[in-house]
Structures are given as C-alpha cells and as structure tokens.
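FYI, it's all coordinate maths here, none of it is from the lab. Since the model is a prediction, treat every value here as computed from it, not as a measurement. Counting neighbours? That spans all protein chains shown, and the Cβs are built from the backbone with ideal geometry, glycine included.
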Amino acid sequence: MRRILEAGHYYCAKGPTQWAKVGWEIAKELAHNGDKTMLFIDDVHDISNVSVYEVDMPVISLGDCRPHYTIRESEVESQGLQILEQLKNIPSKKRRAELQGTVWYCSGAALTNGKGKPSCVLLDAGLSLVKQQFGFQSGINILPEFYQDQQEKLLRIVKKALPDFQLQVILYDLDGKWHYL
C-alpha cells in the first residue's frame, strides 16, 4: 500500500521552528522503503494564526528536509471546496454538511468561515484529497500536539468524504515523544 507521511508543517509568515524540525525527524524515523514524504507550508494565514506555543520561538533551518512533495496551503483551496461539495451530498444515513448562518459545518467542524473561505480543517481535507489523487491509499499526518482538536475533526471529515483513504495522525511534543491520535 502506498503511504505518504506529512511532517514539518510551518507558516510562511513565521518560518520553520523547532516544532517543524522535530516533526520532520519523526517522519524520517517512521518512513519505510517506498513511503514518500510531504511538507505542507501554510502560505494563507498571517502571524496571528501561529500557535502561542510557536510564535515566539526562533526560526531555524530544517537542515536535511528533502520532501518528495512540497505543497502550499493556497494550492489546495479548490480541493477543499470539492470536499465541501461531497459533504453536502453524502447519503442521508450519514449527516451531511449543513449551513448554519454563513458557515458550513459537518461532524462538529466548521468547514468555512463567514466569508465562504475554507477553514483549516477543510484545507487539510483538501490536502488529503491531493494525497489520494497522487495515488496514495494511506497517509500519516505528523503534527505538534497542539493540533489535536483540529486533527480529530479532520479524521471525522476524511472518513466521510474520502472513505477509501486511510488517514492516521501522530501528535508529538518538543522532546520528540509521539503517539497516534
């Protein structure tokens, strides 16, 4: 089964920090023969969206970070909106996405903001679709522990919208201790 490991996430508005480096080291440790790696760079959000756990950290080099794929968040907006359309049209046995005021929700996750733009969860779901379109049947998102809530929501969304894509999430701390979500 083709598997892709996503790690080293950082914001263009900030640059990579130790959080990104630790994630990349975990990906290198876990990668098996045939696995591919991906770096996802947030070029959509400004510095105010950087986590309080990361915003004051120094920017560092990712060193030997040589992913097979590098994707910018702005490149997956259309795939995120494609996921939203799928969620609006899922069979009635499952709960569809629904519009509440000006925001689309599904499975407890806000999928858009009040202006119709994809939320981080929907952009991450769009990235999962890109991974599937690249021919991967499974993926592992390797992210700092402060992304737990967002990744829990993502897992619910991906299970509904991309049932043939097996997504797992690894959360880690700055010491490199990690666990599956």
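The sum of -39500 (n - 2.57) across all DSSP H runs of n ≥ 4, divided by the residue count of the chain, sets its helix-only mean residue ellipticity at 222 nm to -9500 deg cm²/dmol.
Put the Cα centre of the stretch 47-62 next to the Cα centre of the stretch 130-181 and the gap is 21 Å.
Modelled spin labels at T70 and N49, positioned 7 Å past Cα toward Cβ, are 1.9 nm from each other.
Packing, taken as the mean count of other beta carbons within 10 Å per residue, orders the peptides 116-122, 52-58, 72-78 from highest to lowest as 116-122, 72-78, 52-58.
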